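This report refers to the structure that appears directly beneath it.
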Amino acid sequence: MILSLKQLLIENSFIKKEDFKLISNTKKNKEIFQQLLENDQYHDEDILKAIASNLKIPFDEVNEATFDPKVISLIPENYARENIIVPLFKLGETLFVAFDNPCSLNVIEELEIITKQVVSPVLSPKSSINILINYGYSYQEQKIEGDSSTMSSLFEMGLQLVGDEGGEEETTDLAHEAPIAKLVDTIITQAINEKASDIHIEPEENTVKIRFRVDGLLKDIMEPPKKLASPVISRLKILSELDITETRKPQDGRLTFSLKDRDVDFRVSTVRTITGEKMVLRILDKSDAFVQMDKLGFRESEFNKLDSLIYSTSGIVVVCGPTGSGKTSTLYAALSKINTPEKNIITIEDPVEFNLDGINQIPVNPKIGVDFVTGLSAIVRQDPDVIMIGEIRDIETASIAIQAALTGHLVFSTLHTRSAAGSVTRLINMGVQPFLINSSFLGVVGQRLVRNICPNCKKEVKYEEYQGIKAKTLLKKLTEEYNAPKIFKGAGCKYCNDLGYKGRIGIFEILTLDEDTRSLIIEKASSEKIVNAAIKNGMTLMVDDGIEKLMEGLTTVEELIRVIDV
């Protein structure tokens, strides 16, 4: 049943009692919607999501990864800017177009005349559409003409430069040649546009495999001939100011790549394998660094719990999880929220991944004797209100962090543990005294990242389709404890590059210390006992938070069993 805009706003509690007069006195949907957006207390994303669900059309915060540059010319730029719309991609004879205002869908008829295509709308926030309009039409202006920019021609030109004998001694000269430089630029640009987090360059027997990590999973991108491996890696070494002649020892460096509208930093690492030198580039895109806390995926109760922790006057808040689970993003979101001119916030990180305005960030540099221990010792003499430590790795770092917390500072840090309760036992194993944990720790956030189902190709799936042991265990839990709810997955479409997934969301558990858990910590009890006591006092486990997101149709069975034990 499709509701009217007024009914939808009331049922979803978007309209407060004092605003009922606005609803009753305004007849046009467009006017209602516009007045709501002009009111700062309403978030356009929440309203658009509800409207999209009601109208059964996709909602997405569109970006470059959603955009096919070939379709931008179908809609004139002035028309796109006037109506705040942007073409995304084509599927057959259907053109997908992003709209910011669901009450302007009458524009569809005009668009179908202009484009001579069947137009399918996607709702998206105005800010996302405007960014993509600027990107899309500027992209059209800077398109490289001619066939020389294609991958195949770049490979061919690179091979001609390398030649049949192409030895290591020629590598430096080749790395400066235009085709090699263009190939490297193309790889980097494609990775940034696909929102990849890492680029892997891996020499094999006859080729060099190039893979991107997108939404936590690696995917093959291209396989240039093996002869191009050395010039490509050498080019990246030159950009990263690494030793181009050293191919046996591991090296680490950084580089900055300039796009038209921004600079993107990379952390570069090399290591020697039996088939050649492998390189991994971690992409540190500042445009994706700042995620607001309410966008991370916390349920309301967990959000409020974390919100109270980060506004404490002193104590330690730890975020734990494996590499790539979003710990740094959570800490940056928390610091950004509490960052005010009245507070002196200092961080020590290895390395500093993103620059945060108004926050003093110190990079670890062992070459000059600045590690976490010496850096922290200096920080506590800098009159800080809030301290962030990139990671607690040893007893020395933990001891200084605890002393800082006990002397009136609020301390944030991370730990590499599988669960929130596991962080407590890890600290005890490091040598931290249990009474110091009880005195200084406010709470521990455990987290993972799961991929979101693509809203455009989302479909219901039957329980019988799953055969694996872990999947059956999870489905049994769903049947017995949750009355066998509907589950979904993405079929794969152009919108999500046939992956069935688009974007990621966090699943969380927050352990706060109460009387029962403090007693168990003093006894040096196992993490299982601490978890059981915390559950009795209202803690929600990661698996249960994941199941809630599964039942809401946000993620899939495959994703849950991939990232957590069920």
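The values are calculated or read from the model by the stated rules, or taken from the named source; none is laboratory data. Since this is a predicted model, take the numbers as computed values, not measurements. Please note: Cβ atoms are built from the backbone with ideal geometry, for glycine as well, and neighbour counts cover all protein chains shown. Accessible surface is based on the protein model in full, side chains and every heavy atom, while ligands, DNA and RNA are left aside. Shrake-Rupley method; radii C 1.70, N 1.55, O 1.52, S 1.80 Å.
Quick check on my filter: what residues within the stretch 226-245 are more than 17 Å from residue 181 (Cβ to Cβ) and either open to solvent by less than 40 Å² (accessible area, probe 1.4 Å) or of a type in the set (S, T, N, Q) (or both)? Walk me through it before giving the result.
Step one: list which residues in the stretch 226-245 are more than 17 Å from residue 181 (Cβ to Cβ), which gives 226, 243, 245.
Correct list: 245 only.
Considering only strands (runs of 3 or more DSSP E) fully contained in the stretch 65-138, which possess at least 1 residues that are open to solvent by 70 Å² or more (accessible area, probe 1.4 Å) and touching a residue at least 24 places away in the same chain (Cβ under 8 Å)?
Details: elements: 85-91, 94-99, 118-123.
Fully inside the stretch 65-138 and qualifying: 85-91, 118-123.
Which condition number in (1) in contact (Cβ under 8 Å) with a residue 40 or more places away in the chain; (2) farther than 17 Å from residue 412 by Cα; (3) more than 16 Å from the chain's Cα centre (by Cα); (4) open to solvent by 10 Å² or more (accessible area, probe 1.4 Å) is the one that residue 324 fails?
(3)
Which residue is farthest from residue 195 (Cα to Cα), if the candidates are limited to the stretch 209-221 and must be among the hydrophobic types (A, V, I, L, M, F, W, C) and out of contact with any Ser or Thr (no Cβ under 9 Å at 6 or more places or on another chain)?
The initial filter retains those residues of the stretch 209-221 that are among the hydrophobic types (A, V, I, L, M, F, W, C), namely 210, 212, 214, 217-218, 221.
If we keep only those that are out of contact with any Ser or Thr (no Cβ under 9 Å at 6 or more places or on another chain) too, we end up with 210, 217-218, 221.
Numbers: 210: 15, 217: 12, 218: 12, 221: 13 Å.
Here the residue is 210.
Go through (1) in contact (Cβ under 8 Å) with a residue 12 or more places away in the chain; (2) within 19 Å of residue 508 (Cα to Cα); (3) assigned to a helix (DSSP H, G or I) for residue 336 and report which single condition fails.
(2)
Quick check on my filter: what residues within the stretch 205-243 are free of Cβ contacts under 8 Å to residues at least 12 places away in the same chain and closer than 18 Å to residue 268 by Cβ?
243
Answer yes or no as to whether residue 262 is in contact with a helix residue (DSSP H, G or I) (Cβ under 7 Å, 6 or more places away or on another chain) and open to solvent by less than 80 Å² (accessible area, probe 1.4 Å).
Values: in contact with a helix residue (DSSP H, G or I) (Cβ under 7 Å, 6 or more places away or on another chain): yes; open to solvent by less than 80 Å² (accessible area, probe 1.4 Å): yes.
The answer is yes for residue 262.
Looking only at the stretch 420-450, count how many residues are touching a strand residue (DSSP E or B) at 6+ places or on another chain (Cβ under 7 Å) and open to solvent by 30 Å² or more (accessible area, probe 1.4 Å).
Residues meeting the conditions: 3.
For the stretch 475-492, which positions are part of a helix (DSSP H, G or I) and either open to solvent by 50 Å² or more (accessible area, probe 1.4 Å) or touching a Gly at 6+ places or on another chain (Cβ under 9 Å) (or both)?
The initial filter retains those residues of the stretch 475-492 that are part of a helix (DSSP H, G or I), namely 475-482.
Of everything in the stretch 475-492, those that are part of a helix (DSSP H, G or I) and either open to solvent by 50 Å² or more (accessible area, probe 1.4 Å) or touching a Gly at 6+ places or on another chain (Cβ under 9 Å) (or both) turn out to be 476, 477, 479, 480, 481, 482.
Matching residues to (1) among the aromatic types (Phe, Trp, Tyr); (2) in a loop (DSSP other than H, G, I, E, B):
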residue: 209; (1), (2): no, no
residue: 212; (1), (2): yes, no
residue: 248; (1), (2): no, yes
residue: 253; (1), (2): no, no
residue: 256; (1), (2): no, no
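Return yes when residue 459 is of a type in the set (Lys, Arg), at pLDDT 90 or above, touching a Lys or Arg at 6+ places or on another chain (Cβ under 9 Å) and surrounded by fewer than 23 Cβ atoms within 10 Å (Cβ to Cβ) and no when it is not. Give the steps one after another, and end with the answer.
Numbers: of a type in the set (Lys, Arg): yes; at pLDDT 90 or above: yes; touching a Lys or Arg at 6+ places or on another chain (Cβ under 9 Å): yes; surrounded by fewer than 23 Cβ atoms within 10 Å (Cβ to Cβ): yes.
The answer is yes for residue 459.
If I ask for residues that are open to solvent by 20 Å² or more (accessible area, probe 1.4 Å) and under 15 Å from the mean Cα position of the chain (by Cα), which ones from the stretch 328-338 would you list?
First, the residues of the stretch 328-338 that are open to solvent by 20 Å² or more (accessible area, probe 1.4 Å): 328-329, 336-337.
If the condition is that a residue be open to solvent by 20 Å² or more (accessible area, probe 1.4 Å) and under 15 Å from the mean Cα position of the chain (by Cα), then 328, 329 are the ones that fit.
Of the residues 469, 453, only one is surrounded by 23 or more Cβ atoms within 10 Å (Cβ to Cβ), out of contact with any helix residue (DSSP H, G or I) (no Cβ under 7 Å at 6 or more places or on another chain), modelled with pLDDT under 95 and not small (Gly, Ala, Ser); which?
Working: 469 fails: surrounded by 23 or more Cβ atoms within 10 Å (Cβ to Cβ).
Going through 469, 453 in turn, the sole match is 453.
Would you say residue 297 is in contact (Cβ under 8 Å) with a residue 12 or more places away in the chain, in a loop (DSSP other than H, G, I, E, B) and either touching a His at 6+ places or on another chain (Cβ under 6 Å) or buried (at least 21 other Cβ atoms within 10 Å of the Cβ) (or both)?
Details: in contact (Cβ under 8 Å) with a residue 12 or more places away in the chain: yes; in a loop (DSSP other than H, G, I, E, B): yes; either touching a His at 6+ places or on another chain (Cβ under 6 Å) or buried (at least 21 other Cβ atoms within 10 Å of the Cβ) (or both): yes.
Taking the combined requirement at face value, the residue satisfies it.
Return the only residue of 560, 499, 513, 475 being closer than 20 Å to residue 297 by Cα and touching a residue at least 12 places away in the same chain (Cβ under 8 Å). It would help to see each step written out before you state the result.
Numbers: 499 fails: closer than 20 Å to residue 297 by Cα; 513 fails: closer than 20 Å to residue 297 by Cα; 475 fails: closer than 20 Å to residue 297 by Cα.
Result of the check over 560, 499, 513, 475: 560.
With modelled with pLDDT under 90 and surrounded by 15 or more Cβ atoms within 10 Å (Cβ to Cβ) as the only criterion, which of 370, 386 stands out?
Numbers: 386 fails: modelled with pLDDT under 90.
Matching residue, one of 370, 386: 370.
Among residues belonging to the stretch 339-358 that are crowded, with 18+ Cβ neighbours inside 10 Å and among the aliphatic types (A, V, I, L, M), point out the one that is nearest to residue 390 (Cα to Cα).
Out of the qualifying residues, it is 348.
Out of the helices (runs of 4 or more DSSP H) lying entirely within the stretch 495-566, which hold 2 or more residues that are out of contact with any strand residue (DSSP E or B) (no Cβ under 9 Å at 6 or more places or on another chain)? Quick ask: steps written out before the conclusion?
Numbers: elements: 515-522, 527-536, 542-551, 557-563.
So the answer is 515-522, 527-536.
Looking at (1) assigned to a loop (DSSP other than H, G, I, E, B); (2) open to solvent by 40 Å² or more (accessible area, probe 1.4 Å), which is the only condition residue 308 fails?
Among (1) assigned to a loop (DSSP other than H, G, I, E, B); (2) open to solvent by 40 Å² or more (accessible area, probe 1.4 Å), residue 308 violates only (1).
Return the pair list, or none, for Cβ contacts closer than 7 Å from residues in the stretch 432-444 that are more than 15 Å from residue 314 (Cα to Cα) to residues that are of a type in the set (D, E, K, R) and not in a strand (DSSP E or B), at least 6 apart or on different chains.
434/524
Could you tell me how many of the residues in the stretch 503-535 are more than 24 Å from residue 328 (Cα to Cα) and in contact with an Asp or Glu (Cβ under 7 Å, 6 or more places away or on another chain)?
1
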